Amino acid sequence: MVRGISSLVLMLAVVGCSSDKPVPALPVGAEDLAVRKGMVFSQMPHYEELPVYKAAAYAGSGEAANALATFYMKADKSGQLQFYWTLVAAENGDPVGQYNAGMSYMDPTQDRYAPGRARFWLEKAASQGDKLAKDRLSEALRK
C-alpha cells in the first residue's frame, strides 16, 4: 500500500508540474527514500533526502516545503533559501508556511518588509484556523 502511494506521489511530482516549469529531477533511489519516509515530510530532511522533499514540494506538499525551509534555516546563513521554501509552502496552501511568510514580511529590519504582504499571508493562515496568525492579526487591529 505505501509503495503504491509513494509511486503515485512521485509520479505526480513529475507529471503535476506545468510545462512552463522545469520538471524536478528525481534521483535514483528516490522512491525508496519516500517509502522509508512513509511520504510524511514533517521532519527536517537529511542532505541525501533533499531531492525527494523538493520534488514533493514542487508537486504541492506544503509540509515538504516547510521541512526544506527548516533545513535551510540551519544550512544557509543568508536566509534566502529558507525564505524561498517558506513561500513555496505558503503558495501550496500550508497554514504554517503562510504564517511564516507573513511574519517574514513583517520585520521592518529586513529588505523584504511589506506590511500588505504580511497581512495577506496572515489572513490566509488565519482563515485556515492558524491560532498564531489570528492572534497576530487581532494584535495588529488593536494598534
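Where a number appears in this text, it was derived from the coordinates with a stated rule and is not lab data. Remember, predicted model here, so these are calculated numbers, not experimental data. Here Cβ is always computed from backbone atoms with ideal geometry, including for glycine, and neighbour counts include all displayed protein chains.
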Subject >> Estimated inter-spin distance, His46 and Arg117, nm [label 7 Å along Cα→Cβ] >> reply: 3.5 nm
Original post:
Normalised by the number of residues in region 38-115, what is the relative contact order in percent for Cα pairs under 8 Å and 6+ residues apart?
Top reply: 22 percent
Original post:
Going down the table (Lys54/Lys134; Lys77/Lys134; Lys54/Lys124), which pairs top 27 Å between alpha carbons?
Top reply: Lys54/Lys134; Lys77/Lys134
Original post:
So how strong a dipole does region 39-129 carry about its Cα centre when Lys and Arg Cβ are +1 and Asp and Glu Cβ are -1, to the nearest 20 debye?
Top reply: 200 debye
